[in-house]
1. From 132, 176, grab the single residue that is open to solvent by 40 Å² or more (accessible area, probe 1.4 Å) and in contact with a Phe, Trp or Tyr (Cβ under 8 Å, 6 or more places away or on another chain).
2. Got a sec? Which of 192, 199 is open to solvent by 10 Å² or more (accessible area, probe 1.4 Å), over 23 Å from residue 91 (Cα atoms), touching a strand residue (DSSP E or B) at 6+ places or on another chain (Cβ under 7 Å) and among the basic types (Lys, Arg)?
3. Residue under question is residue 73, and the condition is that it be open to solvent by 50 Å² or more (accessible area, probe 1.4 Å) and small (Gly, Ala, Ser); does it hold?
4. With the requirement that a residue be crowded, with 20+ Cβ neighbours inside 10 Å and either modelled with pLDDT under 95 or closer than 21 Å to residue 4 by Cβ (or both), what does the stretch 60-70 give you?
5. For the stretch 113-120, state whether one or more residues are in a helix (DSSP H, G or I), of a type outside the set (D, E, K, R) and open to solvent by 40 Å² or more (accessible area, probe 1.4 Å).
6. Can you say whether residue 256 is in a strand (DSSP E or B) and open to solvent by less than 40 Å² (accessible area, probe 1.4 Å), as far as the supplied structure shows?
7. For the stretch 57-77, enumerate the residues that are more than 19 Å from residue 224 (Cβ to Cβ), of a type in the set (Gly, Ala, Ser) and in contact (Cβ under 8 Å) with a residue 12 or more places away in the chain.
Amino acid sequence: MVTVGLVLSAGGMHAAAYHAGVLSALAEATGWDPRTADVIVGTSAGSTTAVALRAGLSAADQGDYYTGQPISADGQALVDRVTTPYDLPPTPPRPESRRPANPLLVARGLFGRGRPRPVVALAGLLPEGTVDGTFFRERAQQLHPGHWPDQPTWICAVDLDSGRRVVFGRDDVDADFGTAVHASCAVPGFLRPVGSAGRRYLDGGIHSSTNADLLTMLGLDGVVVSSSMTAVRGLDTWPGGPLGRAWHSRTLFREVQALRRRGAAVLVLEPTADDLALRGTDDLDPSSNGEVCRTARISTLARLAHPASERARNLLVGAGAEVRGLLP
């Protein structure tokens, strides 16, 4: 039995549209259904895509939804469950206080054990966000009613008090699926931290935009990484590009190398120059979501056609055939 993990990165509204384009291209080109992934790791925007997949929304329907095309009857029935509007202001309001959320995270992010996490340190210096992100929880609960998916689904957040990564769905943390998604999407300095069982949580993207290292020890045959906040080689360095993109790209490189050392066939799908040209600087601007999705589909199909992707592509073809009962 072929085992495949799926990693869905952070990156705001553009990431959700990007994931939709990537996943629809994967299903189209290989026959593999992302809903059947043996484990899904979702961070921030990636957690909302994980909800959609585990609720049963197909990759094709997700792509058609973002590009304004009609979706299937089953897909429409799922989408119609969501009645809470996506209510995010276009720009962050002024903070109520300039007091840092947790100054101790500077030391923990820069000088703690393991690799430095400067974005964790920055999150501790920012004041607490004031925007209520409860709609993330409500929308997730409406789309996927119930406590947690049956299939392994790991949603990443960061504990505001300790600075440590928390993996809902894997760690011994009592939270429902909707609360996990809400916590994973709590952008520092913008959205209010999410309280659950006496702890406060922020966006998991401040630890890593992808958190693909979580899959290293699972012995998976293949891992697919849809990474919206990094970029293909040549566009992933600083000062040639944004410092944040370069940092996230370097982090993902380390995560992927660890997976490959364990024998996994890793397929990394990242924005190309055409993908990045559509976005501007505001990841929360929905006006280009349709084009982001369309271009992501095209760049993913091109990546899958490249000889360097042959091993991972063949593995996905085999995994899809197994699920459809075409192989013994």
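1. The conditions single out 176.
2. None of the other options fit; the residue is 199.
3. yes
4. 61, 62, 63
5. Scanning the stretch 113-120, I find at least one residue that is in a helix (DSSP H, G or I), of a type outside the set (D, E, K, R) and open to solvent by 40 Å² or more (accessible area, probe 1.4 Å), so the answer is yes.
6. Answer is no for this residue.
7. Those that are more than 19 Å from residue 224 (Cβ to Cβ), of a type in the set (Gly, Ala, Ser) and in contact (Cβ under 8 Å) with a residue 12 or more places away in the chain: 68, 72, 75.
Quick grid of which residues meet (1) touching a residue at least 12 places away in the same chain (Cβ under 8 Å); (2) surrounded by fewer than 24 Cβ atoms within 10 Å (Cβ to Cβ):
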position	(1), (2)
240	no, yes
262	yes, yes
268	yes, yes
273	yes, yes
296	yes, no
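The values are calculated or read from the model by the stated rules, or taken from the named source; none is laboratory data. Everything numeric here is computed off the predicted structure, so don't read it as measured data. Quick reminder, even Gly has a Cβ in these numbers, built from the backbone with ideal geometry, and neighbours come from all protein chains shown. In case anyone asks, the SASA skips ligands and DNA or RNA and just uses the protein heavy atoms, side chains included. Shrake-Rupley method; radii C 1.70, N 1.55, O 1.52, S 1.80 Å.
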